[in-house]
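Beneath this line is the structure, given in structure tokens, with notes to follow.
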Amino acid sequence: MKKELPKAYEPSKYEDGIYKKWEESGFFNPDNLALDKKAKSYAVSMPPPNVTGTLHMGHAVMLAVEDILIRYHRMRGYRALWVPGVDHAAIATQTKVEKSLRGEGTDRHKLGRAEFLARVNKFAQESRDTIVNQVKKMGSSCDWSREAYTLDETRGRAVRTVFKMMYDDGLIYRGERVVNWCPRCRSTLADDEVEYKEQKAKLYTFKYSDNFPFTIATTRPETKLGDTAVAVNPKDKRYKKYIGKVYEVNFCGAPLKLKIIADRKVDMNFGTGALGVTPAHSATDWIMAEENGLNIVKVIDEHGNIREGFGEFSGQDARKAREMIVKKLKENGLLRKEDEIDNNLSVCYRCDTPIEPLPSLQWFINVNKKIKSRGNKSIKELSIDAVKKGVFGRDKIRIIPERFEKNYFHWMDNLRDWCVSRQIWFGHRIPVWYCGGRDKGRCLPACENPIVSAETPEECPHCGSKDLIQDESTLDTWFSSGLWTFSTLANSPDQIKIENDGSPGAGKKLVVDSEDFRTFHPTSVLETGYDILFFWVARMIIMTTYAVGDIPFQDVYLHGLVRDAKGKKMSKSLGNVIDPLDMIKKYGTDATRLSMVIGTTPGNDMNLSEEKVAGYRNFANKLWNISRYIITNSKLKTKSAKPRLKAQNLTDADKWILEKTGNLIDETTKDLNNYAFSQAGERLREFTWNDFADWYLEVSKFEKNKEKNAILVYVLESLLKLWHPFMPFVTEKIWEEMENDKMLIVEEWPRGDERLCACAAGDNFELIKSIITAIRNARAENKVEPTKKIKAVIYAGKREKLIESRAELIKNLRTRISDLEIKGGGPKIKDAIYVSAGEIDIYLIGAVDKEKEKERIKKEIENLEKVIKNAKIKLGNDEFVSKAPEKVVNMEKDKLKKAESELKKLKNN
RNA sequence: GGGCGCAUAGCUCAGUUGGCUAGAGCGUUUGGUUUACACCCAAAAGGUCCUAGGUUCGAGCCCUAGUGCGCCCACCA
């Protein structure tokens, strides 16, 4: 049964083949797992990568963690499902295609909607293919037969169905608001799609006209053409007398009617303490206008230009108009001051264009309206309760790490109505139609009402007109991804239905009429980066609790961001991006995955360096070589999953490694249940390299007995199983080399309680280890020639028999002892190196370097004296002795006793 | 302005309900070709656990204040 394996593990040789084998096995699909009906289900929805290009390190972490969870649960006998998919990422994708169109000298308007969309879809398709390929490279064991796309037909049906439900419940409404408008994208942006940039800005202090009594300050003089009021703080003595008065002024040629109003939000210390209110171009001013019944004058249009009716300014770009107005104010002696101030400019998160707040007719989701059929709670309240105390009879959604719950609540508390319409073409078209008949004077007023429907209506329900016009806008991309956990469990559009939910309020709920939905929803865990807690996680909770009347997932696991080795954010412009595919190519997928998972904790950012990945490549190779050694040297055919071992045949080392293996299984299982991936990985590494390879394997070279073969194979197989979720490729490859029929991916997870023998290891092998280590140490410190064989005498006291039986190990494990004498005790030996291991005295004869030896002994004495001093202080403290638990006190006493006896011996020698 | 986090070896980080002579990997130093592995083996050096108080028999861990760094939210007219 001798086999030859290559000396070094080369990931690139095997990975694709292994992935193919898994795929062909069908085990990614839980339907193909040999499970009984009672098997619990475990489901994860993959956060769909955007179809804007390629995967980055963030995706690599996500895939590594989720694959660990899925493989672990699959091995535990769960019906484990991981649903993959991609996100159409409306604005991001459209922007990307528009950019390439610009390179071709054309744009979307020239192409027209249909052709443009064809281009975007083609790009999205190509992007999807790349991504799927990369996801596979990461070893992801997701079920491709269930792959979904946020913009496919089934997901589209879910989107339109939920939109209609919300519309019918009065949650979706159309209204005019000041929205964040990107003049470049020519679309609205949600509040959280706006980014802020620190910059210097000019603050102009001026008078509207000579007949206005005081000055105001602004950074945007051009918008002052639309001022309808001036706001001051009610407490501000300077302006109290003006409150309520109305001034008619001529501002650079524009006649303005300005009412002086009081508002607490006005900061008395900023500028002049007086603020020109421009309802149409500032969200806060809009609110003031609503409260004070002010007129709204729109100044800037959707291209960022000054609208008609403002004389010479009309048609000018806002920035140009600003210059013109400043110039004019100067000429008229109205400009009093120009100050440089720090300013936060709001810009579009996609294209960096400055945002233009504009009033616009948009679709909104009301987050505060109470919903009868959901316990008379608003979607905001439902979403808070889902995390705070649990809803619909479910446990509360657990966020890991817990501290992010605070962020979640804070965000939810401050949530305002969500603007869901976007003026871009790529995305789910809003399922609203208008009757064309109304414009032709037919059938008013009924036809004023928009037609909202999950399916494209054939005719106007009011007048039968077939002349229907669909709303031009599309939906915010998060609307569709908010439905992801349940929409992906529908296999076809017709499974998505609205049913009466039987509540007293006769409410409706969305039902996915599929076996998948019944089996896998709510999903078990949602794993993603903390940066999209609000963007996405919160939205899924909102949409699912409302539409389905259930939670989308039970746990939320948030990973940190991947930064470069110096802690900088990876970005193309900084050129510090590490491409996961490069790492895979160079070091293998397993190494890449390990470096994503070990040395990091949830919610904390990680710094990634290539050296780290290389380190885990080394580890994969170590595991390979451990296996290579065992495979070549053991009789594999004698193995069985649980060999029966006779306690009387086992050596101390055998018992030691078996006990450690059992503990390792228990601890790893516990860690994985607690999402403690890093801890599990470190523990496994420590065991594999230090305990198993450096000790047990070495021992097995010198200590032969009947059971060695079975134990080596058993421990290795246990390790391969425990490591499999982390490093699926090497482990599967080795498993195959071990001539297993079944693939590792569906092997049963080991159980710590099924110990191979009920024998306790005690400290026997630890003692042997410490003797060997002590000898190695003494040799090195004394600079004994490495090849020089020396004689050793051990005074073993009560352990004479034990040590005698392990003499071979002590002589051979890198100690170079030619002659070993073991006795119960004896006189101290002169001119020898003296070391002690517990109660054992060891003399190394014929190699002593007196100076070095003195130094070493001195150092050791110092250490012991430190220990003794500390222990004495503690034990001398009555309060410690009386208040500390007995166990701790005894530990301390024990420590002191041992140290004192060692010290005595050292001083005597 | 509001909130969250981080600070432990040269570097990157662990440190679970307080019980430590404070750990790991990388790097460094010394030595090594040994029944798998130089992507290796053996040994070692390296720490005021940010500062100052407090609670406690006992603090890296809990509390208060401060310093430095990072992030998120709101927003500056």
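The values are calculated or read from the model by the stated rules, or taken from the named source; none is laboratory data. Predicted model only: the values in this text are computed from it and were never measured. Here Cβ is always computed from backbone atoms with ideal geometry, including for glycine, and neighbour counts include all displayed protein chains. Heavy atoms of the whole protein, side chains included, go into the accessibility calculation; ligands, DNA and RNA do not. Shrake-Rupley method; radii C 1.70, N 1.55, O 1.52, S 1.80 Å.
Go ahead and estimate [θ] at 222 nm for chain A from helices alone: -39,500 (n - 2.57) per DSSP H run with n ≥ 4, summed, over the residue count, rounded to 500. Spell out each step's value before the answer.
Working: 28 runs with 350 residues, N = 909.
Computed ellipticity for chain A at 222 nm equals -12000 deg cm²/dmol.
At R0 = 30 Å, how high is the FRET efficiency between residue A:849 and residue A:704 if r is their beta carbon distance? Nearest 0.05 is fine. Let's see the in-between values first.
Details: r = 36 Å, r/R0 = 1.20.
So, using R0 = 30 Å, E works out to roughly 0.25.
May I ask you to give the solvent-accessible area per residue for chain A, in square angstrom, as obtained with a 1.4 angstrom probe? Before the final figure, lay out the partial values.
Values: 41200 Å² over 909 residues.
Accessible surface, normalised per residue, equals 45 Å².
Could you order peptides A:334-342, A:22-30 by the average number of other Cβ atoms within 10 Å of their residues, highest first?
A:22-30, A:334-342
Note down the nm distance, to one decimal, between modelled labels 7 Å out along Cα→Cβ at residue A:818 and at residue A:361.
For residue A:818 paired with residue A:361, the spin-label model returns 10.2 nm.
Placing unit charges on C-beta atoms (Lys and Arg positive, Asp and Glu negative, everything else neutral), compute the dipole magnitude of chain A about its Cα centre in debye, rounded to 20. Each step should come with its number before you reach the end.
Working: 153 positive and 134 negative charges, 502 e Å.
With only Lys, Arg, Asp and Glu charged at Cβ, the dipole is about 2400 debye.
Please determine, in degrees from 0 to 90 and to the nearest 10, the orientation of helix A:886-908 with respect to the longest principal axis defined by the Cα atoms of chain A, where the helix direction is its Cα long axis.
50
Can you tell me the FRET efficiency between residue A:472 and residue A:402 if r is taken as the Cβ-Cβ distance and R0 is 60 Å, rounded to the nearest 0.05? Intermediate values should be presented prior to the final figure.
On the way: r = 44 Å, r/R0 = 0.73.
Given R0 = 60 Å and the Cβ-Cβ separation, E is 0.85.
On the protein heavy atoms, probe 1.4 angstrom, tell me the percent of accessible surface of the stretch A:841-909 carried by carbon and sulfur.
Details: 2610 of 4860 Å².
With neighbouring chains kept in place, the figure for the stretch A:841-909 is 54 percent.
Put +1 on the Cβ of each Lys and Arg and -1 on the Cβ of each Asp and Glu in chain A; which of A:870, A:295, A:740 then has its Cα farthest toward the positive end of the dipole?
About the Cα centre, the residue reaching furthest to the positive side is A:870.
Taking +1 at the Cβ of each Lys and Arg and -1 at the Cβ of each Asp and Glu, which of A:77, A:100, A:124 sits farthest along the dipole of the stretch A:58-154 towards its positive end, judged by Cα position relative to the Cα centre?
Positive-end residue among those listed: A:77.
Starting at the first residue of the stretch A:488-495, write each ³J(HN,Hα) from the Karplus equation 6.51 cos²θ - 1.76 cosθ + 1.60 with θ = phi - 60°, in whole Hz, x for Gly and Pro.
After applying 6.51 cos²θ - 1.76 cosθ + 1.60, I find 6, 8, 8, 8, 7, x, 6, 7 Hz.
Given points 7 Å out from each Cα along the Cα-Cβ axis, report the residue A:678 to residue A:455 separation in nanometres with one decimal.
Going from the residue A:678 label point to the residue A:455 one covers 5.4 nm.
Give me the lysines in straight-line cross-link reach of residue A:327: C-alpha distance below 16 Å, same-chain residues under 8 apart excluded.
Residue A:327 reaches A:202, A:207, A:224, A:337.
Within straight cross-link reach of residue A:874, meaning Cα distance under 28 Å, which lysines are found once same-chain residues fewer than 8 apart are removed?
Straight-line reach from residue A:874, under 28 Å: A:858, A:859, A:866, A:883, A:887, A:893, A:895, A:897, A:898, A:904, A:905, A:907.
Which entries of A:99/A:137; A:245/A:298; A:612/A:708; A:38/A:389 have Cα-Cα distances beyond 25 Å here?
Numbers: A:99/A:137 29 Å; A:245/A:298 23 Å; A:612/A:708 35 Å; A:38/A:389 29 Å.
Among A:99/A:137; A:245/A:298; A:612/A:708; A:38/A:389, the Cα-Cα distance tops 25 Å for A:99/A:137; A:612/A:708; A:38/A:389.
Any chance you could check the Cα centroid distance between the stretch A:14-74 and the stretch A:269-345 for me, in angstrom?
The stretch A:14-74 and the stretch A:269-345 have Cα centres spaced 55 Å from each other.
Between their Cα atoms, which of A:96/A:200; A:96/A:509; A:377/A:509; A:96/A:197; A:136/A:586 are more than 26 Å away from each other? Each step should come with its number before you reach the end.
On the way: A:96/A:200 30 Å; A:96/A:509 37 Å; A:377/A:509 15 Å; A:96/A:197 22 Å; A:136/A:586 17 Å.
Correct reply: A:96/A:200; A:96/A:509.
What percentage of the solvent-accessible surface of the stretch A:156-198, computed with a 1.4 Å probe over protein heavy atoms, is contributed by carbon and sulfur atoms? Let's see the in-between values first.
On the way: 670 of 1700 Å².
Of all accessible area on the stretch A:156-198, carbon and sulfur atoms account for 39 percent.
Given a 1.4 Å probe and every protein chain left where it sits, what share in percent of the accessible area of the stretch A:1-128 is carbon and sulfur? If you can, show how the numbers build up before the last one.
Details: 2870 of 5660 Å².
Whole-percent figure for carbon plus sulfur exposure: 51.
Which residues in the stretch A:70-91 place their backbone N less than 17 Å from a point set 7 Å from the Cα of residue A:125 along the Cα-to-Cβ direction?
Hits in the stretch A:70-91 for residue A:125 at 17 Å: A:86-88.
Give me the net charge for the shell around residue A:18: Cβ to Cβ below 9 angstrom, other residues only, Lys and Arg +1, Asp and Glu -1. Please list the in-between numbers first.
Numbers: positive: A:20, A:21, A:733; negative: A:15, A:16, A:732, A:736.
Around residue A:18, the surrounding residues sum to -1.
Find out how many positive minus negative residues lie around residue A:37, taking Lys and Arg as positive, Asp and Glu as negative, among other residues whose Cβ is under 14 Å from that of residue A:37.
Working: positive: A:38, A:40, A:79, A:518; negative: A:31, A:36, A:515.
With Lys, Arg at +1 and Asp, Glu at -1, the neighbours total +1.
For the charge dipole of chain A, defined by +1 on Lys and Arg C-beta atoms and -1 on Asp and Glu C-beta atoms about the Cα centroid, which residue among A:362, A:283, A:407 has the Cα displaced farthest towards the positive pole?
Working it through, the farthest residue towards the positive pole turns out to be A:407.
Can you tell me the order of A:702-708, A:576-582 when each peptide is scored by its average per-residue count of other Cβ atoms within 10 angstrom, highest first? Each step should come with its number before you reach the end.
Working: A:702-708: 15.4, A:576-582: 17.1.
Those peptides, ordered most packed to least, come out A:576-582, A:702-708.
I need the phi-derived Karplus couplings for the stretch A:801-812: 6.51 cos²θ - 1.76 cosθ + 1.60, θ = phi - 60°, integer Hz, Gly and Pro marked x.
5, 4, 5, 4, 6, 10, 4, 4, 5, 4, 6, 9
Name the residues whose placed amide hydrogens come within less than 5 Å of the amide hydrogen of residue A:555, ignoring near sequence neighbours (fewer than 5 apart) on the same chain.
HN-HN under 5 Å from residue A:555: A:398, A:525, A:526.
Relative contact order (percent) for the stretch A:574-628, with alpha-carbon contacts under 8 angstrom and 6 or more residues of separation? Show your work: numbers first, answer last.
Numbers: 30 pairs, mean separation 21.1, N = 55.
Answer for the stretch A:574-628 is 38 percent.
Obtain the nm distance between the two label points defined at residue A:320 and residue A:113 by a simple spin-label model: each point lies 7 Å from its Cα along the Cα-to-C-beta direction.
3.1
Mind listing the phi-derived Karplus ³J(HN,Hα) values for the stretch A:507-514, rounded to whole Hz, using 6.51, -1.76 and 1.60 with θ = phi - 60°, and x for any glycine or proline?
x, 10, 9, 7, 10, 9, 8, 9
Tell me which aspartates and glutamates have Cα within less than 19 Å of residue A:396's Cα, excluding those fewer than 8 residues away on the same chain?
Cα-Cα hits under 19 Å: A:381, A:385, A:405, A:413, A:527, A:550, A:555.
Taking amide H positions as placed 1.01 Å from N in the peptide plane, with prolines and chain starts having none, which residues 5 or more places from residue A:300, or on another chain, fall under 5 Å of its amide H?
Answer set, sorted by chain and number: A:307.
Treat the stretch A:697-851 as a sphere of radius equal to its Kirkwood radius over Cα pairs and apply Stokes-Einstein at 25 °C in a medium of 0.890 mPa s; give the translational diffusion coefficient in µm²/s, rounded to a whole number.
134
Nearest 10 degrees is fine. How inclined is helix A:153-168 to the longest principal axis of chain A, computing both from alpha carbons?
Long axis of A:153-168 versus the principal axis of chain A: about 50 degrees.
Calculate, axis by axis, the spread of Cα positions in chain A along the three principal axes, and write the results as whole Å, longest axis first.
113, 63, 59
If you line up the long axis of helix A:283-292 against the longest principal axis of chain A, both from Cα atoms, how many degrees apart are they, to the nearest 10?
50
Quickly rank A:393-401, A:486-494 as a protection proxy: mean count of other C-beta atoms within 10 Å, highest first.
Values: A:393-401: 15.9, A:486-494: 21.2.
Peptide ranking by packing, descending: A:486-494, A:393-401.
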